[in-house]
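The structure appears below as structure tokens.
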Amino acid sequence: MATFYIFPSRHLLGQRFSDTLASLFPGHRHTPWDWPDLAESLASLVTAQGDACVVYREDLDETLSLRVDLTLHFGASADDEIIEVQFPLGLAKAHYQHWASEAVH
């Protein structure tokens with residue numbers, strides 16, 4: 001049994017991943033041009049673990065039901081799990097504290 005993760009778009013997943021990285025690494029930002037690549041990098045980490053497939057809404061045929069489209073175009077079977085990921089207005093941000101580099105006397 002495989003799990004299919006359905007995301008809104010590469011652009012949106014990449015943007016959210018970029019926002020999360022920026023909250024973990026203050027001052028480090030990615031441009032919108034980077035967002036699709038960030039999404040693909042994240043997806044490759046998930047799919048490398050096996051039995052997982054990341055699919056983006058922009059790759060689906062809007063004229064077909066989700067289950068039919070996944071079966072016809074992505075190799076899903078009847079017993080595969082489908083998880084559609086939807087984003088709220090914002091992801092939780094990590095809190096961080098700046099520390100000054102001071103010499104210890």
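The values are calculated or read from the model by the stated rules, or taken from the named source; none is laboratory data. Please read all numbers here as calculations on a predicted model, not as lab measurements. Positions of Cβ are backbone-derived with ideal geometry, glycine not excepted, and every protein chain shown enters the neighbour counts.
Checking each residue in the range 5-38 for being of a type outside the set (S, T, N, Q), touching a strand residue (DSSP E or B) at 6+ places or on another chain (Cβ under 8 Å), at pLDDT 90 or above and not in a helix (DSSP H, G or I) picks out Tyr5, Ile6, Phe7. Each residue in the range 32-60 was checked for being over 16 Å from the mean Cα position of the chain (by Cα) and closer than 15 Å to Ser9 by Cβ, and 1 pass. Filtering the range 56-74 for residues that are of a type in the set (A, V, I, L, M, F, W, C), part of a loop (DSSP other than H, G, I, E, B) and at pLDDT below 90 leaves an empty set.
Out of all the residues in the range 1-45, which are surrounded by 14 or more Cβ atoms within 10 Å (Cβ to Cβ), aliphatic (A, V, I, L, M) and closer than 24 Å to Leu72 by Cβ? Those that are surrounded by 14 or more Cβ atoms within 10 Å (Cβ to Cβ), aliphatic (A, V, I, L, M) and closer than 24 Å to Leu72 by Cβ: Ala2, Ile6, Leu13, Ala39, Ala43.
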